[in-house]
Structures are given as structure tokens and as C-alpha cells.
Amino acid sequence: MSFKKMKNLFLRQSYMDSWEDYERSLRKKNFLRWDYIILTASNQEQAAAYRVQIDERLEKRLLPSDTKYVVLPDPGGKRVGSGGATFQVLRYIGQQIPHEDNPFKGRRILVIHSGGDSKRVPQYSALGKLFSPVPRELPDGRGSTLFDEFIVGMSGVPSRIQEGMLVLSGDVLLLFNSLQIDAQFDGAAAISIKEPVSTGKNHGVFLNDGNDYVKCFLHKQSEKKLREMGAVNSEGNVDLDTGAVLFGSELLAALYGLITTDYKLDDVKFNKFCNEEARISFYGDFLYPLASDSTLEDFYKEAAEGTLNDALRDCRTRIWNAIHGFSMKLICLSPAEFIHFGTTKELRQLVTQDVQDYEFLEWKQQVNSAAAGGDFAAHNAYVGRRAKVGKGAYIENAYVIGTSEVGKGTVLSHVRINDRKVPSDVVLHGIEQTAGGYVVRIYGVNDNPKEKYPCGVGYLDTTLEKLMELNGIAAEELWDDDETYLWFARLFPICSTHEEALEAADILYKMAHGTASAGEVNIWKNCNRMSLYSSFNNADITAARLWEKELENRVLARRFIWALEEGQYYR
């Protein structure tokens, strides 16, 4: 039997074991569970979306009720970095147990860093990438999400640790068996897997000191640098940082001791370790000092989540003094699998092509959908029998009905397409706004919202500069300041109905390709418009969840009718 087949069998059995642990965590009183599961969020709106989805699962008894679930947004909507968010978590735990010298002693805490804006997958900005679909139907019949996979996959970990905090990255799915974790360590333990250097250069890489402790932490270094440092083995693999790190209670207490009394969460007053200027990184600023070969001078030069400035330098000095005396064990899992949910393009490839590589986990192209075949992916989607969907498209939480035609490679999310033609390789994403109105954002699958004008910003298979030139659009019509990124460009009209918002998206597409009439351009210019950023910040989360539930019910009804029409016995 080949190594790949053995690995797949192992991971399949590991998932089945995790599911059994998950079921035991729901019904057995003496089963070891997480004391806290804490999610970080970018702002109050995203936090509210997370709480809604957690509450839904608690009401349905799909989460262990003895665990305390907490969502902590960045204070005041200011981006404080993953390290700043971690300090918030420590502060919260300390407030719950105020009279203990070490509030982390004897407690098992799971933290999922999920406070990103999801700029590279904008259709998940509002509800959060953490709750984005995974192409699998869970054993109980639910369509899975990243959050559900985390809950199931980590159900067996509390029995493997006596105390401490497991920190996960909210856009990485780690497949492994919890029995592989040897939690005998002081300080921290980094969970790693072997991956090709081509993957490692885009993430963090650990250099083993020969005794299974981290000698050096290399964060997003070039392939040349990784090879020079000896981080690449003879097979071209590195010890990849999976984003999963265990912190012991003494290390947590040392970090907790850095938080001063000027921190207040409710009135948005916070200290030097939790602010927009310093933007401390969990992975860059907490892990680097724990490597045995690290030096303070090199620490000052490490890349930052924000900018290298005096505020960050001061924070790094204090963090170094507090935790450099601790070590970081290296736990290399094998067999294991690392799946990164990165860009829209990567997502589309995962659900339409790479999904075949995970058939051993029962991943499939179409999950909980009413779709009459076709070479496309669907998740909680309704595709009518007269509709045509192009090869490699991805339809999620969307209707495609009537004589609609969807181009190849297109992604539809939260839209209702009726007797329409949608071009190839675009994303159409609908968002209802809290102040009223609808916005349908249209952009290319390959577009990068982090690109800045006027440096050749890709947009809808052309450039944003070209769109502006063809339609006489000045920069001040799209931006109010010098933050001229695609992410902030006011491109998408606010409309009174969903259908009007689809029409506006169609006009914008024609404007990008020079086929819009003068009247259509004037209509677009005279509209109040929103950006990718502002439309997600003002999204009506309740409306989005109602949309998904209504669609789920329609999908179930249609599948039942189709089964009856085919003469199937339906239970």
C-alpha cells in the first residue's frame, strides 16, 4: 500500500475518532472539554455575527453546553493585531477569575483567531471566514463550516493537556489525530507538519535544534533564506507553522503580567499592548522570543503586522524580557494535513478540483444543494433544471433559476439569479444593509483588494485604472483620502431591491469593459455607492442568516420533490 493511501486511511480514521469524541463531549458528563472557547473578531458587527451562529448551535445542542463561549472584538473597531487580540483574551480570563495568582492554572482554553477582514475572500467578510462552508456533509446531515471542523477536530485535545491555551488560526484547517499530541512541555509547544518549501515561504517555518525544540522561527522568509538557514530537509520539506500553538499556564501568566491597569474594554481605553499603533502579532511577536537562537536586536527588525515604530519596539522589549526565558517545544505531526483557506481563487480550486483529493473525508463538489448535476460546486444552493452553470463555477447560498446562464469559474454567493446571464470568472455577492437597501458586489476571482491605485489594480479582467479612464471617473469619486486600495473604492451602488442591485452590478461590469452606455454610466455616477469595506461593515447579519435558512428549507423541499418524481422511497 502506498504512503498516500496509508495517510488517507489514517486521517479518515482520525476524523471518525474526532467525531466520536465530539459526540461524547455533547452527552457524557465526565468527558474532558474545553473550559473556554474564545473567538476573536475584527469589530462589533463581526462579533455579533459570530455570536448569532454560536447561539444557533447551542440552541440545537450542537455544542458542549458546559463550555463557556466568548467572542472578543478588537476594541473600538481599531485593528490591534493578533497579539493585541490575545492580550484581550488573557485580560478576559483574568477578569473571570480575579482572585487567583495564576488564573490560567488548571484550565483548558481554546482560542481561534478569526478577526480578519477577509480581504482576499470578500464574500466572507460579513459572516466571517471562520463560518465559511467546507465541502462536507457532517455525519449528522449538516453542511459543515470551518468552525464546525475546528470544534469536531479539537474535541479530543482537552484530554491530552492538563492545562493551558491552544491558539489556532481561523483560516487554516489542520487534519490530525489528537493522540499525536504529547503535551509534556514547559513554556510553549508549536504544532508543525512537514510541507514543501514552496508552501513554507508563504507561512511561518520552525528550525529544529536537534532535540525537538525550536531553534529559530522564520516568518514568511524567502525560499533562499530558508535553505540558507538549514530549514529545508533533503526531501525539500520544512517544519511548517500550522498556526496551532500551545501555551502553558506559566507563560500565559507572564504575558498577563504585562497588561497594566489602564486597559478598559467597555469604554475603549486600552494599554500599549493592545492598540492600533503597535499592532502586536501573535505569531511574530509572541513566538519569535521563544526560539533559542533569537536575539533582541534581531527581534526589533522582524516584520510587523503594521509598521515598525517606537510603540512596537517598546512592546517588543517588554515582551522579550517577560518570556524569552521560556522555551518552545516542536511537535511535528505525521501523518497530518494542512489546508489553508486563503484567496477566492484558492477557495474555488479547493471546492471544484482539489475536493477530489479529500474524497477519503467524504468531501464532495455539491453539499446540501438542489442541483441537477453539472461540473460545478455547490453548497446550500438551488439550481433550477433549466439553468446552465459553467464548468468550475461555485454556487453557495444562492438561487440560480429560470433560464439563467452562469459563466465558467464564476462564484455566486447570497444572490438570486433569475433569467440572467452572468459572465465567467467573476464573483457576485449580495449583502443587505442594516440601514436599508441592497448591495451586490462584483469583482474578479483573481482580483486582490489589497492592491493600491494607481499601480495597475486588477479589476474584472481589466484594471481599475482602465475602468476610470473609459468612464471619466476621477479618484475623488472613489476615495476620500490617500487609502486608494480596491478594498476602499466606492464602486457598488446601494439599491432599493436585490434585482436593482444585480442590474447595477451588470452596469459596472459593462463599464469595466467599455460597453456601458452614457446613460448607464450616469446612473452609476449618481448613485450612493459603497466599497467592499463599508458594505461588509454595514451588513445586516440577521437578514443574511434568514436568507440561508430559507434557502436551506427550499433546497430540502426540492430534493424531496425530485426524489418522489423519480419514484424513490424517501425517508
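The values are calculated or read from the model by the stated rules, or taken from the named source; none is laboratory data. Not measured: the values here are computed from a predicted model. Heads up, the Cβs are rebuilt from the backbone with ideal geometry, glycines too, and the neighbour counts pull from every protein chain shown. What goes into the accessible areas is simple: the full protein's heavy atoms, side chains included, and nothing from ligands, DNA or RNA. Shrake-Rupley method; radii C 1.70, N 1.55, O 1.52, S 1.80 Å.
Some points to look at:
- Pairs are defined by a Cβ separation below 8 Å, a sequence spacing of at least 6 or placement on different chains, a first member in region 16-27 that is within 9 Å of residue 152 (Cα to Cα) and free of Cβ contacts under 8 Å to residues at least 60 places away in the same chain, and a second member that is of a type in the set (Ser, Thr, Tyr) and assigned to a helix (DSSP H, G or I); no pair meets this definition.
- The requirement of being under 27 Å from the mean Cα position of the chain (by Cα), surrounded by 18 or more Cβ atoms within 10 Å (Cβ to Cβ) and modelled with pLDDT of 95 or more is fulfilled nowhere in region 467-483; no residue meets it.
- When each of 319, 339 is tested for being more than 19 Å from residue 428 (Cβ to Cβ) and in a strand (DSSP E or B), the lone residue that passes is 339.
- Remark: residue 441 matches the filter, which requires a residue to be crowded, with 23+ Cβ neighbours inside 10 Å, over 26 Å from residue 140 (Cα atoms) and not aliphatic (A, V, I, L, M).
- Residues in region 47-78 that are hydroxyl-bearing (Ser, Thr, Tyr), surrounded by fewer than 21 Cβ atoms within 10 Å (Cβ to Cβ) and under 16 Å from residue 150 (Cβ atoms): 67, 69.
- Out of 263, 288, 256, sole residue that is aromatic (Phe, Trp, Tyr), over 26 Å from the mean Cα position of the chain (by Cα) and modelled with pLDDT of 90 or more: 256
- All of (1) over 30 Å from residue 292 (Cα atoms); (2) in contact with a strand residue (DSSP E or B) (Cβ under 6 Å, 6 or more places away or on another chain) hold for residue 336 with one exception: (1).
- Lone unmet requirement of (1) assigned to a helix (DSSP H, G or I); (2) farther than 24 Å from residue 405 by Cβ; (3) open to solvent by less than 50 Å² (accessible area, probe 1.4 Å); (4) not aromatic (Phe, Trp, Tyr) for residue 501: (2)
- Within region 178-208, tally of residues that are closer than 14 Å to residue 294 by Cβ and open to solvent by 60 Å² or more (accessible area, probe 1.4 Å): 0
- Selection from region 517-543 of residues that are part of a helix (DSSP H, G or I), among the aliphatic types (A, V, I, L, M) and surrounded by 19 or more Cβ atoms within 10 Å (Cβ to Cβ): 532, 541
- The residue list 465, 432, 477, 469 contains one member that is closer than 25 Å to residue 552 by Cβ and of a type outside the set (Phe, Trp, Tyr), which is 432.
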